[in-house]
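The values are calculated or read from the model by the stated rules, or taken from the named source; none is laboratory data. Predicted model only: the values in this text are computed from it and were never measured. Using ideal geometry, Cβ is built from the backbone for each residue, glycine included, and neighbour counts are taken over all protein chains shown. These area figures cover heavy atoms from the full protein model, side chains too; ligands, DNA and RNA do not enter into them. Shrake-Rupley method; radii C 1.70, N 1.55, O 1.52, S 1.80 Å.
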Amino acid sequence: MASVDTSLHFDVEKIRADFPILKRKVNDKPLVYFDNAATSQTPQQVIDVIVDYYSRYNANIHRGVHALSQEATDAYEQARIKIQKHFNIPNAYQTLFTSGTTHGINMVASGFASILEAGDEVIVSALEHHSNIVPWQMLCEKTGAQLKVIPMLENGTLDMQAFDRLLSEKTKLVFVNHVSNALGTVNPIEELISKTHNVGGAVLVDGAQAAPHIKADLQALDVDFYVVSAHKMCGPTGVGMLYGKEEWLTKLPPYQGGGEMIDQVTFEKTTYAGLPHKFEAGTPNICGGIAFGAALDYMNAIGFDQIAEYEHELLEYATSRLKAIDGLRIYGDIPNKTAVISFNIKGVHPYDMGTILDKLGIAVRTGHHCAQPIMDFYKIPGTVRASFAFYNTKDEIDTLIAGVERARNMLV
Ligand SMILES: *Cc1c(COP(=O)(O)O)cnc(C)c1O
């Protein structure tokens, strides 16, 4: 593939103009927002869709024959199709709306409670977010299945040889994130999926951290379940997507009982609605779903290849400048990662660094990033994490570098 210098075409100033929050000042300094792995910012195009929904056609969906309800239903179902197309999902009814990644994971975990038996094994990776550890621990407690962990290596990648040893015909489920939120490591999910299928197990991939950077083709991946949150990819909070293979969605019992998820209800027996309604009890986040679709439109108009290439430039620039700082260590400094840098400076607590950076208007995340096992591995209380989006700039990275150097001089 010929490589094109997209930086020539990538007009970051034009993109930044779409994000009203980027004009803000924090502590009298221009905001430098480097906490994109926690949540991304929202472009005016998506804000407009939200305002338009509540201004013009707010109504409950799938219930009324009146015009507003029809309009809301159409917009919500169109958004589902946008999400389906984006992730190359075979059918719209396999594209389930959730309240976010955590919700999607819990839906699958609770469904497997009626499938797993004592003696079965469930494998998670050491690079997981807490939301991809705790539900499986709860599931194993309930079913008597055993939880196994793929260990990590010093460079922040998974020990794939250890994974080979963990796999057996007892393996029913493997849970792994596509990209680690704490380190940015891109995991070899193709290999994890095919090897798990070889022993007859299913794989759930947590795509929360990958989706803002990588357009995943879920049919090509042959993954069994994939979950994302809209708020990490320019959409609103409180909405996400769960994809499941049809055989699994048919097999798993409903997650919640309530309106929308039934076919017939009598006091003797209730029969469930078909997909996707079986998993969508109650009034959903209608506006959020519609805005999620708009966020995908926005990002696709820029282009995921362009986004990935530009972010990689930011990552390389920031990595080389940070590495030049005395006593600074980057965790998981490998080529195959998204634009996330987790670091510490010898003798500086990450919280103190974060506080000084905040005074300078720079938003980074400090702490364990909901991934305490990774911090335990490195024997550290946490890290400073700078995570970049396509609307960030090299100038902002220069501001970060100056801030880190200033903090280092104050604290060491
Ligand atoms: C953010 C994140 C989650 C949790 O997402 P919610 O939107 O809080 O449910 C799970 N896994 C990873 C990898 C994440 O980055």
> How about the range 41-70: which of its residues are under 22 Å from K232 (Cβ atoms) and open to solvent by less than 10 Å² (accessible area, probe 1.4 Å)?
Replying inline: P43, V46, Y53
> Looking at the range 350-380, which of its residues are modelled with pLDDT under 95 and assigned to a loop (DSSP other than H, G, I, E, B)?
Replying inline: H368, H369, C370, A371, K379, I380
> Of G240, G289, which residue is touching a strand residue (DSSP E or B) at 6+ places or on another chain (Cβ under 7 Å), within 29 Å of M152 (Cα to Cα) and touching a residue at least 24 places away in the same chain (Cβ under 8 Å)?
Replying inline: G240
>> Just to be sure I understand, how many residues within the range 368-395 are of a type outside the set (A, V, I, L, M, F, W, C) and either outside the structural domain of D18 (by TED's automatic domain parsing) or open to solvent by 10 Å² or more (accessible area, probe 1.4 Å) (or both)?
In response: 10
> Looking at R365, R406, which is the one that is open to solvent by 60 Å² or more (accessible area, probe 1.4 Å), on the phi < 0 side of the Ramachandran plot and within 24 Å of the chain's Cα centre (by Cα)?
Replying inline: R365
> Do we have any residue at all in the range 118-135 that's in contact with a helix residue (DSSP H, G or I) (Cβ under 7 Å, 6 or more places away or on another chain), over 25 Å from N181 (Cα atoms) and in contact (Cβ under 8 Å) with a residue 60 or more places away in the chain?
Replying inline: no
> How many residues, within the range 246-259, are crowded, with 18+ Cβ neighbours inside 10 Å and either part of a loop (DSSP other than H, G, I, E, B) or within 16 Å of the ligand (Cβ to nearest atom) (or both)?
Replying inline: 3
> Pick from the range 102-133 the residues that are within 11 Å of the ligand (Cβ to nearest atom) and open to solvent by 10 Å² or more (accessible area, probe 1.4 Å): which of them is nearest to D333 (Cα to Cα)?
Replying inline: H129
> Does the range 86-99 contain any residue that is within 16 Å of the ligand (Cβ to nearest atom), small (G, A, S), open to solvent by 30 Å² or more (accessible area, probe 1.4 Å) and closer than 30 Å to I341 by Cβ?
Replying inline: yes
> Residues in the range 134-148 that are within 16 Å of the ligand (Cβ to nearest atom) and either within 19 Å of L192 (Cβ to Cβ) or not assigned by TED's automatic domain parsing to the domain that holds T185 (or both): how many?
Replying inline: 2
>> Scan the range 227-238 and tell me whether some residue there is more than 11 Å from the ligand (Cβ to nearest atom), within 26 Å of E191 (Cα to Cα), outside any loop (DSSP other than H, G, I, E, B) and open to solvent by less than 20 Å² (accessible area, probe 1.4 Å).
In response: no
> Does any residue of the range 302-320 turn out to be assigned to a helix (DSSP H, G or I), of a type in the set (S, T, N, Q) and under 25 Å from Q45 (Cβ atoms)?
Replying inline: yes
> Which of the following residues is more than 29 Å from T39 (Cβ to Cβ), open to solvent by 40 Å² or more (accessible area, probe 1.4 Å) and at pLDDT 95 or above: D217, D222, D263?
Replying inline: D222
> Taking the range 173-214, which residues are surrounded by fewer than 23 Cβ atoms within 10 Å (Cβ to Cβ) and within 10 Å of the ligand (Cβ to nearest atom)?
Replying inline: none
>> Given the options Q45, Q41, name the one that is modelled with pLDDT of 95 or more, farther than 21 Å from G274 by Cα and outside any helix (DSSP H, G or I).
In response: Q41
>> Among the listed residues I330, I345, I325, identify the single one that is within 28 Å of S131 (Cβ to Cβ) and either within 16 Å of the ligand (Cβ to nearest atom) or hydrophobic (A, V, I, L, M, F, W, C) (or both).
In response: I330
>> I'd like to verify a number: residues in the range 260-278 that are in contact (Cβ under 8 Å) with a residue 24 or more places away in the chain and either within 16 Å of the ligand (Cβ to nearest atom) or part of a loop (DSSP other than H, G, I, E, B) (or both), how many?
In response: 4
